[in-house]
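Right, one structure below, let's go through it.
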Amino acid sequence: MSLPHALMTSLLEKSCSGYDLARRFGKSIGYFWQASHQQIYRELGRMEEAGWIRSAAADDGGKTRKRIYEVLPPGCEELRRWAQEPVDPPNLREEFFVRLRAEAVMGPLGLEHELERRMGLHSLRLQAYRAIEQRDFLGKELSREATIQYLILKAGIMQQEGAVAWSQEALRVFRAWAAIGVLG
């Protein structure tokens, strides 16, 4: 994914300052695409130079140097062009799975604690996603925009549910081996 396109999408949802954009980004798109405040500000400058966005001083009577960003027509055209490009699903790149392969060939490496920790992290993220679902989507009449956002959230929920279920299964297997003394 391209950070400028993620930022333009967020700005189309609501024009705002760079600081507010970084905060909002972390609470929405940040669940599946991370960027630091420095990266966001650097990219906003590049996007403004490219003519995709513009900024203006905030309506705060000059009390701050805050700038409000908005997407320009060339930015919308770029976002439309980019959105229509084909994109392949990402290849799984999971360091822990390499550790499991090492466990398979070397014998027990004590990975059960890491499995438990990771399952806890997935459970916490699932709880956070479920809270967002409850707060923003369940029992509400959804617009087209909200329905699409809910579909994205559901993908995250399903991914976390799968990770928790896989972790539970892996722990059952490891614990069964430990109970009967299987070492390799």
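The numbers here are math on the coordinates, done by the rules we state, and not lab data. From a predicted model like this one, the values you see are computed outputs, not experimental measurements. Methodologically, a virtual Cβ is constructed for each residue, glycine included, from the backbone with ideal geometry; neighbour enumeration extends over all protein chains shown.
For M106 and Q39, a Förster radius of 41 Å and the Cβ-Cβ distance give a FRET efficiency of 0.60, rounded to the nearest 0.05.
With r defined as the distance between the Cβ atoms of R54 and F96 and R0 fixed at 30 Å, what FRET efficiency is calculated, to the nearest 0.05? Between R54 and F96 the formula returns 0.10. Using C-alpha pairs under 8 Å with a sequence gap of at least 6, the mean separation divided by the residue count of segment 3-83 gives a relative contact order of 38 percent.
In the chain, the DSSP-assigned H stretches of four residues or longer account for a calculated mean residue ellipticity at 222 nm of -21500 deg cm²/dmol, using -39500 (n - 2.57) per stretch and the full residue count as denominator. Placing unit charges on the Cβ atoms of the charged side chains and taking the dipole of segment 3-83 about its Cα centre, the candidate lying farthest along the positive direction among S15, G45, F25 is F25. In a reduced charge model with +1 at each Lys and Arg Cβ and -1 at each Asp and Glu Cβ, segment 3-83 shows a dipole moment near 220 debye about its Cα centre.
Once you have a ≥ b ≥ c as the square roots of the Cα gyration tensor eigenvalues for segment 1-43, tell me rounded if a/c is under 1.5, and otherwise prolate or oblate according to whether a/b is larger than b/c. Rounded shape, in that the Cα axes give a/c under 1.5. How far is helix 95-106 tilted, in degrees, relative to the longest principal axis of the Cα atoms in the chain, given as a value from 0 to 90 rounded to the nearest 10? Helix 95-106 and the main axis of the chain meet at about 20 degrees.
Computed over neighbours whose Cβ is under 9 Å from that of S167, the net charge equals -1, Lys and Arg +1, Asp and Glu -1. Contact order for the chain, expressed relative to its length and based on alpha carbon pairs under 8 Å spaced 6+ residues apart, stands at 19 percent.
Counting other Cβ atoms within 10 Å of each Cβ, which chymotrypsin sites (Phe, Trp or Tyr not before Pro) in segment 1-65 have at most 16 and sit in a DSSP loop?
The qualifying sites are F32, W33.
Given the choices [x] 14.7; [y] 11.2; [z] 10.4, mean projected area of the Cα convex hull in nm² derived from the coordinates of this structure is entry [x].
Would you mind classifying segment 95-180 by shape? Square roots of the alpha carbon gyration tensor eigenvalues, ordered a ≥ b ≥ c; an a/c under 1.5 is rounded, otherwise it is prolate if a/b is larger than b/c and oblate if not. Don't skip to the end; give the middle numbers.
Numbers: a/c = 4.04, a/b = 2.99, b/c = 1.35.
It comes out prolate by the Cα gyration axes.
So, counting K/R as plus one and D/E as minus one, what does the shell of residues with Cβ under 11 Å around L126 add up to? Present the calculation step by step, with values, prior to reporting the outcome.
Working: positive: R125, R130; negative: E133, E161.
Residues close to L126 contribute a combined charge of 0.
Here the Karplus relation 6.51 cos²θ - 1.76 cosθ + 1.60, evaluated at θ = phi - 60°, turns the backbone of segment 7-18 into coupling constants of 5, 5, 4, 5, 5, 5, 5, 6, 5, 6, 6, x Hz, with x for every Gly and Pro. When exposed loop sites are taken as trypsin sites (Lys or Arg not before Pro) in a DSSP loop with at most 12 other Cβ atoms within 10 Å, the longest stretch of the chain clear of them is 15-62. What GluC sites (Glu not before Pro) in segment 100-184 are in a loop by DSSP, with at most 13 other Cβ atoms within 10 Å of the Cβ? Those that pass, being in a loop and sparsely packed, are E141.
Could you sort out which of K66/K154; K66/K140; K14/K63 sit more than 29 Å apart by Cα distance in this structure? Please report the intermediate quantities before stating the final value.
Numbers: K66/K154 35 Å; K66/K140 35 Å; K14/K63 22 Å.
K66/K154; K66/K140, as the Cα separations exceed 29 Å there.
Listed from fewest to most Cβ neighbours within 10 Å, the set T147, T9 follows the order T147, T9. Electrostatic bookkeeping for A35 treats Lys and Arg as +1 and Asp and Glu as -1; over the other residues with beta carbon under 14 Å from its beta carbon, the sum is +4.
Segment 95-164 and segment 40-73 have Cα centres spaced 35 Å apart. Going by a ≥ b ≥ c, the root eigenvalues of the Cα gyration tensor, does segment 3-83 fall in the rounded group (a/c under 1.5), the prolate group (a/b larger than b/c) or the oblate group? Here segment 3-83 falls in the oblate category. So, in nm, how far is label K66 from label K27 when the simple model puts each one 7 Å beyond its Cα toward the Cβ? Between K66 and K27, the label points sit 1.4 nm apart.
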